[in-house]
Amino acid sequence: MRLVGFATGLDGRGTSTRHLAVAVPYCRWRELGADGDAWFKAWRTRLPNVHLYHFDLNSLVALLAHNGFD
């Protein structure tokens, strides 16, 4: 997965960036287990075909680490 939208091309490798601010709606799908699919379909901030990726803490940290951020 790559950083998308305004962050296209943003790469933490070899930069002098010290801080990165990220604002995303918190996706609770994983923590809700079996009830996650029903919750996700009714989620008020879900915009199909606009929001292409959804993040919780673990997936956002993994995405940033994959792109060279600590």
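Counted by Cβ distance under 15 Å from ALA38, the other residues give a net charge of +2, where Lys and Arg count +1 and Asp and Glu count -1.
In nanometres, what is the gap between the two model label sites at ARG44 and TRP29, each 7 Å from Cα along Cα-to-Cβ? Calculated label separation equals 2.0 nm.
With an 8 Å cut-off on Cα pairs and a minimum separation of 6 or more residues, tell me the relative contact order of the range 20-70 in percent.
Numbers: 21 pairs, mean separation 20.4, N = 51.
Taking the mean separation of contacting Cα pairs over the length of the range 20-70, I get 40 percent.
If you plug the beta carbon distance of ASP37 and ASN58 into 1/(1 + (r/R0)^6) with R0 = 22 Å, you get a FRET efficiency near 0.75.
The numbers here are math on the coordinates, done by the rules we state, and not lab data. Fair warning: this is a prediction, and the values are worked out from it, not measured in the lab. Heads up, the Cβs are rebuilt from the backbone with ideal geometry, glycines too, and the neighbour counts pull from every protein chain shown.
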